[in-house]
């Protein structure tokens, strides 16, 4: 059997499946897996395979998908989303990126096929170890990060909003607290607090967030696209899987 779950922000896919099992006892002892991972800070549609369909997992990994996501400008992180160690990249870039998105059409230029590297903080296995393990050990320079061909079919800029330093800090810290397990949460929260506290009394007084919709091939990392654009993923929702 194949069906969809809605994974909540803060959950891992495994936690979403286990929650489903507890609420649906008829699936308690069934073999179950997911096809197409969602990171802890992402939410949305998660494709679940049960029983004999688990053997067909590879077939479902390549399904096209649709996402709505937000880009926080002025910051980048080592995970390419807010659950990562941030660096401030200056208010000048914030203004530049807003102009690029609106007037130069960078979103339109994203369409088509291209080669994308796997994010350093991802579950892709290299030499018997997942990439995020290499990254956390500070040993990425010892390996070649794999890459794959992906395709973006359509993009749409849905809007923009601004948050103050105080609003941004409260939002990020509250959402990181939803995540269980060891994802360096305390180190990450301390770094966000440190940067935003220093920026709170200076310029800029507001931070730009752009909202985007995208349809893309299976395996496309939205985090990677956003990092290449010069921002970090503020929120990410998978809205559709095309079966």
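Here the stretch 65-241 is treated as an ellipsoid with the same Cα gyration tensor; its semi-axes, largest first and in whole Å, are 25, 23, 14.
Per-residue extension of 0.36 nm, minus the Cα-Cα distance of residue 177 and residue 142, leaves a gain of 9.3 nm for this segment. In the chain, the DSSP beta bridges split such that about 90 percent are antiparallel, to the nearest 5. Does the stretch 2-61 come out rounded, prolate or oblate by the C-alpha gyration tensor, with a ≥ b ≥ c the root eigenvalues, rounded set by a/c under 1.5 and, if not, prolate when a/b is larger than b/c and oblate if not? It is oblate, given that a/c is not under 1.5 and a/b is not larger than b/c. Each Cα pair of the stretch 27-80 feeds into the Kirkwood radius, which the Stokes-Einstein equation turns, at 10 °C and 1.306 mPa s, into a diffusion coefficient of 116 µm²/s. Given their separation in residues at 0.36 nm each and the Cα-Cα distance between them, residue 28 and residue 191 gain 54.6 nm when the chain is fully extended.
No value in this document is a laboratory result; all are computed from the given coordinates. Computed from a predicted model, the values in this text were never measured in an experiment.
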